[in-house]
Amino acid sequence: MNEIKNKKLGFIRDIIGCLTYPRSSFKSILEKPSLMKAVVLILVIAIIAAWADFNYRGKLPLLSLPDEQPPGQFPGQGSPVSSEQIRQVSMIMGAIIGLIGVFGTWLISSGLLHTFSSRLGEKGSFRNMLTLAGYASAPLLIQHVLRLADSFMVSQEALQLTATLQILADPLLNSIANAAVDIFTIFRLWSMALLIIATRENYKMSTARSTVATVLSFIIVVFVSAFLPLT
């Protein structure tokens, strides 16, 4: 019992250490890396993100059905579909997208970091990169806890105003711009700073090279997110 408690406390201590003393913490984690612990952290973040997205979707206004269909009825169907049913489906889909998005961003960014670091002539373990990237995602835990709290308090009117930003006139460029705004939050930038340190420690490379690898990775993540819901 005490051993399990100590492991839990050690896990929490590692997470806090990555936020406060990242270099020494990442070095310590690399001495005895545990991918499972990193997966648990990502899972917790994903669940909280999914819960927040579920709540937000429940407050967004529904799109009206096509004019040629009877209200609340889909083509070729005799039974009406209520707006509440559509809302429930939208909320569930939002939660699923939020859950997959956290895992997708973690896996894709880790894969890109490993690829770019290898291209730069550095050697390191992809498994360890996944582990460190999981711990480097700790700032996102704070972000999604705050989002979850906000999802309970925000009004439908306020949410509708910020739901979709029309930054640029061109649809494709606007999608990319929105993806960049969604990804590069203060907490994501904090996470990226931790990733630079994690990459440097895992591949024993210079800070300049790890910065290049991290920035290039997230530029690609932005373009992927413009077409796939990764945030």
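Filtering the stretch 151-159 for residues that are surrounded by fewer than 19 Cβ atoms within 10 Å (Cβ to Cβ), at pLDDT 90 or above, under 30 Å from residue 199 (Cα atoms) and hydrophobic (A, V, I, L, M, F, W, C) leaves an empty set. Among all positions in the stretch 125-136, there is at least one residue which is at pLDDT 95 or above, in a helix (DSSP H, G or I), within 19 Å of the chain's Cα centre (by Cα) and under 30 Å from residue 58 (Cα atoms). Here the condition is being surrounded by 12 or more Cβ atoms within 10 Å (Cβ to Cβ), hydrophobic (A, V, I, L, M, F, W, C) and modelled with pLDDT of 95 or more; of 95, 49, it holds for 49 alone. Assessment of the stretch 195-208 against the conditions (surrounded by 12 or more Cβ atoms within 10 Å (Cβ to Cβ), farther than 26 Å from residue 41 by Cβ and either modelled with pLDDT of 95 or more or of a type outside the set (A, V, I, L, M) (or both)) yields at least one matching residue. Condition check for residue 175 on (1) more than 27 Å from residue 212 (Cα to Cα); (2) at pLDDT below 90: one failure, at (1).
The values are calculated or read from the model by the stated rules, or taken from the named source; none is laboratory data. Only a predicted model underlies this, so the values are computations on that prediction, with no experimental measurement involved. Because the Cβ atoms are built from the backbone with ideal geometry, glycine has one as well, and the counts that use them run over all protein chains shown.
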